[in-house]
1. If the requirement is being surrounded by fewer than 22 Cβ atoms within 10 Å (Cβ to Cβ) and in a helix (DSSP H, G or I), which of these qualifies: B:Leu235, B:Leu245?
2. Of all residues in the stretch A:102-121 being in contact with a Leu (Cβ under 7 Å, 6 or more places away or on another chain) and closer than 18 Å to C:Lys223 by Cα, which is surrounded by the most Cβ atoms within 10 Å (Cβ to Cβ)?
3. So which helices (runs of 4 or more DSSP H) stay within the stretch C:27-146 end to end and still have 2 or more residues that are buried (at least 17 other Cβ atoms within 10 Å of the Cβ) and among the hydroxyl-bearing types (Ser, Thr, Tyr)?
4. Going through the stretch B:42-75 one residue at a time, which ones are touching a helix residue (DSSP H, G or I) at 6+ places or on another chain (Cβ under 6 Å) and crowded, with 19+ Cβ neighbours inside 10 Å?
5. Among the candidates B:Ile196, B:Ile153, which residue alone is within 9 Å of another protein chain (Cβ to nearest Cβ), closer than 28 Å to B:Ser223 by Cα and buried (at least 16 other Cβ atoms within 10 Å of the Cβ)?
6. Filter the stretch A:280-337 for residues that are within 13 Å of chain B (Cβ to nearest Cβ) and of a type in the set (S, T, N, Q) and give the result.
7. Inspect the stretch A:381-403 for any residue being assigned to a helix (DSSP H, G or I) and buried (at least 21 other Cβ atoms within 10 Å of the Cβ) and give the result as yes or no.
Amino acid sequence: MTKPFKLISTIAMSALLVSVMAACSGNNGTANNESGSTNAPKTGSEATAKPDAPKPALKRLNVWAGEDYNVYPVAKLLEENTGYKMQTDMLPQDKWAEKLNLIMSSGEAYDIVTSYSDMALYSDYAQKGALVDLGPLIEEFGPNIKAALKPESIEALKVNGKLYAIPTTVTYEINSSILIRTDWLEKLDLSMPTTTDELTNVLTQFKEKDPGGNGDRNVPLTIKGDQSIIDNIVGAFGMPNAWNDVDGQLVPRVLDPSYKDYVAYTGSLYKNGLIDREFVANKDATAKEKFASGVAGAIVVHWADIPALSESLAKTKPEATFAFVPPLKGPNGEFGFAANAGFDRLSYIPKSSKHPEEAIKWINASLEPETFKNMAIGVEGTHYKVVDGAYEPIQPIFTDERNLANNFMAGTDETNYPQYWQARVRKNPVMFEAFDFLNNQQPAEAKVTNLLGLAPYMQQYAKNNQQLNTMIGDYTVKLIAGAESIDGLEDFQKKYMAAGGEASSKEVNEWYATLAK
Amino acid sequence: MSKPRGGEGVSLGTGRRRLKLIRGNMDMYMLLIPGLIFLFLFKYAPMYGIIIAFQDFNIFGGISGSEWVGMAQFERLLQSDEFMQVLTNTLLISLYKITILFPIPIVIALMLNEVRRMFFKRTIQTIIYLPHFLSWVIISGLFINILSPSGGIVNEIIRSFGGEPISFFTSNSLFRSLVVFTAGWKEMGWNAIVFIAALAGIEQEQYEAAAIDGAGRIRQMWSISLPGMLPTIVLMFILRIGSLLEAGTEQILTMYNPLVYETGDVIGTFVYRMGLGQQDYSFSTAVGLFNSAVGFLLIIIGNMLSRKFIGRSIW
Amino acid sequence: MYRKTAKDYMLDGTIYIVLIAMGLITLLPFVNVFSKSVSEEWAIMSGQVGIFPVGFQLDTMKFVVTSSQFLNSLWISVIITVAGTLGSLLITALTAYPLSKRELPGMGFIIVLFIFTMMFNGGIIPNYLLVRELGLINNLGSLILPALISVFNMLVIKSYFENLPASLEESAKLEGARNLTILFRIILPLSGPVLATIGLFYAVYYWNDYFHPMLYINSTSLKPLQLYLQDIVMNADTSSALDKTADDLMNVPAEGVRSATVIASTIPILLVYPFLQKYFIKGVLIGSVKG
């Protein structure tokens, strides 16, 4: 291209430059119009201009919920009680951590971010300097926060000695056990199993006598494909948690001396057709469907799954009844469930927040005991009533106005919340019964606390934990299904150690030693 | 086909003549301004951003505040097992899509061409064009639904034949097939349109002459319809090859999950996950640049081939 | 007259069967999911819903289409689609017109500049950083501005303009009309079909776009329909169950709700589909015979 072209391009470029500027302001104009008409976030900038302006509007990023936070009744309550207008956005349900990373790095000015408790993610943000150090702020503005949180929670969340997040702790200890068809037991004149031997017997009877009349489809105990570690049974072999104390050291299951016995027992259940033959291919939903349609006599589930199961089962097999199996005693008399410890959600203040102090004040106001109680379970006589010292929900208003309440919390009143929280479980009596059996009626020694739940951030452990658990899970599946022989255990252990098990183990036990002191 | 262009004489003209043309048509050049702003701002400015592939980009420092690392990101890319896996996935899915899905619209066009009942023909066309207009989110939603291991109709059918339910969306051995199948489901009808048009362009007399010579209809399809479509087929094929490295990013983003990263993660999804999800901007820009560069080469080669074989260039 | 042989009947039979099968494969997923959306939840859970609904009810559908988030997302999608399509059509046509005058100096080169971007682009990350620099994150502008011109569509309109009879313009020019007047008075009114088709392509793009809102939109109140939908349909089946706590498990959207959301999101497309049909075939053809 020759001279004239150059001329054109110069003209074009200079025209471009001029109009880019014009267009940029123009673009902003149109963009604002668009978002303005759809009540876009308009927080911040004006408010920060005047530092002592009365309570700015805050912006929060929260986990996905089925309903809009901003119009949910709890939002109104909090606005009245804290005096802050809060505008909340949600993370997606699917692959939320990626979107959270994206938002954190986009510098979007959220004042509070609440996500699922992912210690690796949290400590990564903290170390990269993306979060505000909450210690001084809480000291100055957070008397309620200090009162609500237990010291061990605060300790567990410290990264390099500083606190960057406020947790909502888990509200119950025991998740799951074996759910068994009690009408099948009655039909065969069997009692609820209390030991692993009795369980074998019950399942054998289920198989041979087919009390459900399922013929070929009959399944004594169904589990899902990734559930090779069966809650309750694993406790009978002294390994309720992923890491258990063996002679003063925390040891992962695959290195536990009882591991062989556990695999031998479950392997024999499978070999004899007492565990679902096709369990390896079972998805969560497949296993549930087998139980819900009355084909399976027992299933390993979380108590929160019970309403869906019981509803379907009531339609397909109206005569069906079921209950959780109590902690089974193993050959050495050991028993127990893994008891949750640790956090459900974490709330933190990103560095990009325009109002970190106000955010802490908001959290503090939300943790004022009466406000917190109202947020959690509502008003006595309207949302709940007290029956025998327990909070009973009044339906349907409780579900309508407080069902999502837990999502609004940034920190909980750690002493009282577990009690308030049980009102939520009482919404469904069948579920509550199962929950109550596992969580309230079991003796303390049947609940073996997952010590690592409250451990502080440990780099190696956080990095490797999930992968190592998957490794153990997959290997155990193969052992149970007979695809691998237990003779190869030593080789596997070596592989496990090399894949990060050794580093994790060292780190975990260094911490454990300090705990024992 | 195109009207004679008045500007043919320009090459003979003098600079003054061109200047006059420009001056006389200043309003035309003004019209271009919005388009040019768009072009430079949203198409060329991001190309400048590619230089972060040669940096260790720090989002807070920006391009000027980031450290130069030269080709380090590309070395890392070539040594990364994960990238090799992703490249393999991309090529496999793309090749499956081409070998399996490319011929189907041609067959559909040939078949529709044989149908004489117009009502039937139009009904089928209406139905099979429809999925093209649905978003991948909806289509993934539909298939997640019907393939669900709990109550999905496909698994109910499998079960009624005594089979075991299959969890399609979490199975590494099935995921690629699923991607290919759903892509076919969405676009097979739509992609047939160009071939149907090519067939419509074939003169009816050719068929009549063949019929008189005693050629059956299969014979006619083979020796008249197919050759008549050939230029279109070649053109479409070359175009398709040009997008070999685009295995369906949006489709896979709406369908995949961590259980099938092993077989389903393709370059586009990988760039998103690594670059934006995990803030590895420079590395994923390097991956993106690799992708663009290979794609560019493929298109150039394709265009050359097109010119050589059917005498038409793509643009 | 040519008479059908037995072979021809076999051929016809095969063709009809295959085409009907294809039609069914396309339709059945809709029918099944539609049936689920109007069936009772227990029937869905126990796998009884096939072609026909079991325990017919419309409550689920009503719940879905009256949900404030669904309506808000629908509204956002409408805004994006309408604003985006109009903006795109205008700027695309405005750009295509001068470029169709190859006799003007520089136009050829500008066309090459446009075409080059079809073959080579900055990629996801640089685009994201640009949008971020422009302050468009979490702004609907981020979904429209970077997509205003599709070079392919622009070339289609350009070649349509080139093929319009030159005499029309020439006579107008003789009467002293300016280029702009010619464009708006003569060219555009003659370009109804191509504008309708290209408008349709833009509209389908804006309506269905999932990737860009996923990158750029954070606010719940600005989420277009596709983003909202993805949240509903990607469920416990596929997303990591590890993150789920008991409270989440108790609130998982039921299968019926998911089905109803998918169906409700399809309805807008189905409603306009018959009107679209008239134009899209034409559009594909314009696109493929150009050049």
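1. Unique residue meeting the criteria: B:Leu235.
2. The qualifying residue surrounded by the most Cβ atoms within 10 Å (Cβ to Cβ) is A:Tyr110.
3. Once the helices (runs of 4 or more DSSP H) in the stretch C:27-146 are filtered for at least 2 residues that are buried (at least 17 other Cβ atoms within 10 Å of the Cβ) and among the hydroxyl-bearing types (Ser, Thr, Tyr), what remains is C:68-99.
4. Of everything in the stretch B:42-75, those that are touching a helix residue (DSSP H, G or I) at 6+ places or on another chain (Cβ under 6 Å) and crowded, with 19+ Cβ neighbours inside 10 Å turn out to be B:Phe42, B:Lys43, B:Pro46, B:Gly49, B:Ile50, B:Ile52, B:Ala53, B:Gln55, B:Phe57, B:Gln73.
5. On inspection, the qualifying residue turns out to be B:Ile196.
6. Hits for the stretch A:280-337 are A:Asn282, A:Thr286, A:Ser293, A:Ser312, A:Thr316.
7. The answer is yes, given that some residue of the stretch A:381-403 is assigned to a helix (DSSP H, G or I) and buried (at least 21 other Cβ atoms within 10 Å of the Cβ).
Rundown of residues vs (1) under 23 Å from the mean Cα position of the chain (by Cα); (2) within 14 Å of chain B (Cβ to nearest Cβ); (3) not charged (D, E, K, R), yes/no style:
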| residue | (1), (2), (3) |
| --- | --- |
| A:Glu98 | yes, yes, no |
| A:Met104 | yes, yes, yes |
| A:Ala109 | no, no, yes |
| A:Val113 | yes, no, yes |
| A:Ser123 | yes, no, yes |
| A:Gly129 | no, yes, yes |
| A:Asp133 | no, no, no |
| A:Leu137 | no, no, yes |
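The values are calculated or read from the model by the stated rules, or taken from the named source; none is laboratory data. Here the structure is a predicted model, which means the values were calculated and not measured. Don't worry about glycine lacking a Cβ; one is built from the backbone with ideal geometry, like all the others, and counts go over all protein chains shown.
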